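The values are calculated or read from the model by the stated rules, or taken from the named source; none is laboratory data. Not measured: the values here are computed from a predicted model. Cβ: placed from backbone, ideal geometry, glycine included. Neighbour counts: every protein chain shown. In case anyone asks, the SASA skips ligands and DNA or RNA and just uses the protein heavy atoms, side chains included. Shrake-Rupley method; radii C 1.70, N 1.55, O 1.52, S 1.80 Å.
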Amino acid sequence: MAPRVSIVLPTYNERGNLEPLLAQLLPLQHRFDLEILVVDDDSTDGTADLVRQLAHGEPRLRLVRRVGRSGLASAIKEGLLDATGDFAVVMDSDGQHEPASVERALDTLLERDLDLVIGSRFHPEASIQGLSGRRETGSTWANAWARFSLPPAYGQLTDLMSGFFALRLEPLLPVVRAVDVNGFKFLFELLAVSRGRLRTAEVPLQFQPRTYGSSKLDLAIFWDFLISILHSLSLRLLPRRAISFGLVGASGVVVQLAITQGLMQLAGLGFERALPLAVVGAASSNYLINNALTFRFQRLRGLKLLQGLLKFLLVASLPVLANVGLASAFYSFVARDTLWAQLAGILVVFVWNYAASSRFVWNTP
């Protein structure tokens, strides 16, 4: 009996790329008991409508339309958990992964009795036509850092940032369920939570240029990568959001110190008068950066952004008073050092701000 294979295609505004990709994937049904799941993040270009239309004449095609949920890693996780195959393949929907690589990956998985086979852009036999020189350099550096942070058992892998992989689904479902969907790359998170236990191999990719649309790479993706590396290096003991919140808080320290010095030197204010304004300025800066990065999947916009700022300042008001009070007391009674006075106050507020604002501003546990 033919193996049952589920192909998971996460999409967001990929209508122009999807139909030709499906036309190349559907012939695999002659060799495998095939299921294709398109997991769409409520695209605005009609991607879901196209899939629904095509599925009327093709029962092997399924649409999973997500409303109120978004993110590549969570789409992949949802697709894998919904898949009914014995084996699953995850690949990009933008046409950069050649459908021919699906058979090569599955053959390797079956013949060598592996858990996971990764399609690598950096395999000695691979070719990269779909990456600019800048992005290729960035991917090389990202892979180096990822390799450093992962278990040594995966040290031979060349593309830990790949969006193409095949896996033996049933035994890996507990690992898939454990993946943090706020992570940078699903594959990286899968390898991290598996703790070096997976039997792995790679196959070369012929990485193609994107035909339609544009890359989803942005500052938030880079931020996720940084948090993922630190999370892995902490042995996953520190929550990802706490790490992100802490880094943003570190930027707030710089903002507070800069505002304090500016008000004291340029406006002639004394330390005790400049400090409250600096604390509020730093808190507002932290709120805006956390909204854009730490909580971007619950990002507030428009009027809700202003309401969230007011909530954030309200939630932070008690620790802000503690910050100002402790810093002022330190300055007056311990040492007349504005730097250490402010750091003493800032230290008091971090845990409160993280726990309280997560719950009351962005409604996350």
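Amide H to amide H, which residues 5 or more places from Leu269 or on other chains are under 5 Å from it, using H placed in the peptide plane?
It is Met264, by chain and number.
Can you grab the distance from the C-alpha centre of the range 174-195 to the C-alpha centre of the range 1-55, Å, no decimals?
Computed from Cα coordinates, the inter-centre distance equals 23 Å.
I'd like to check one number: the per residue accessible area of the range 57-151, probe 1.4 Å, reported in Å² as a whole number.
Here the residues of the range 57-151 average 45 Å² of exposed surface.
If the chain between Glu125 and Arg195 were fully stretched, how many nm would it gain, using 0.36 nm times the residue separation less the Cα-Cα distance?
22.4 nm
Under a point-charge model restricted to the Cβ atoms of Lys and Arg (+1) and Asp and Glu (-1), what is the dipole moment magnitude of the range 1-89 relative to its Cα centre, in debye to the nearest 20?
Charge dipole, the range 1-89, about its Cα centre: 140 debye, nearest 20.
On the full set of protein chains, 1.4 Å probe, figure out the accessible area of Phe122 and give it in Å² to the nearest 10.
In the full protein context, Phe122 sits at about 50 Å².
Could you give the nm distance between label points at Val254 and Arg147, where each point is 7 Å from its Cα heading toward the beta carbon?
Here the answer is 3.0 nm between the modelled labels.
How much accessible area does Thr140 have with a 1.4 Å probe, in Å² rounded to the nearest 10?
Estimated to the nearest 10 Å², Thr140 gives 70 Å².
At a threshold of 8 angstrom on Cα-Cα distance, excluding pairs fewer than six apart, so keeping six or more, what relative contact order does the range 142-297 reach in percent?
20
Quick one: what are the phi-derived ³J(HN,Hα) couplings along the range 226-237, Karplus 6.51/-1.76/1.60 with θ = phi - 60°, whole Hz, x for glycine and proline?
4, 5, 4, 5, 5, 4, 5, 5, 7, 6, 6, 7
Hey, with R₀ at 35 Å, roughly what FRET efficiency would Ser317 and Leu226 work out to, going by the Cβ-Cβ distance, to 0.05?
Step by step, r from the Cβ atoms, then E = 0.70.
Multiply the residue gap between Gln298 and Asp45 by 0.36 nm, knock off their C-alpha separation, and tell me the result in nm, one decimal place.
Taking Gln298 through Asp45 to full extension adds about 88.9 nm, to one decimal.
For the range 84-130, with the dipole built from +1 on Lys and Arg beta-carbon atoms and -1 on Asp and Glu ones, taken about the Cα centre, which of Leu106, Val90, Ser127 lies farthest toward the positive end?
About the Cα centre, the residue reaching furthest to the positive side is Ser127.
So what's the gap between the Cα centers of the range 142-171 and the range 65-131, to the nearest angstrom?
Between the Cα centre of the range 142-171 and that of the range 65-131, the gap is 13 Å.
Quick one: if you stick a label point 7 Å off each Cα along the C-beta vector at Met1 and Asp86, how many nm between them?
0.8
May I ask which residue of Ser43, Val8, Phe32 lies farthest towards the positive end of the charge dipole of the range 1-135, with charges of +1 (Lys, Arg) and -1 (Asp, Glu) on Cβ and the Cα centre as origin?
Selected residue: Ser43.
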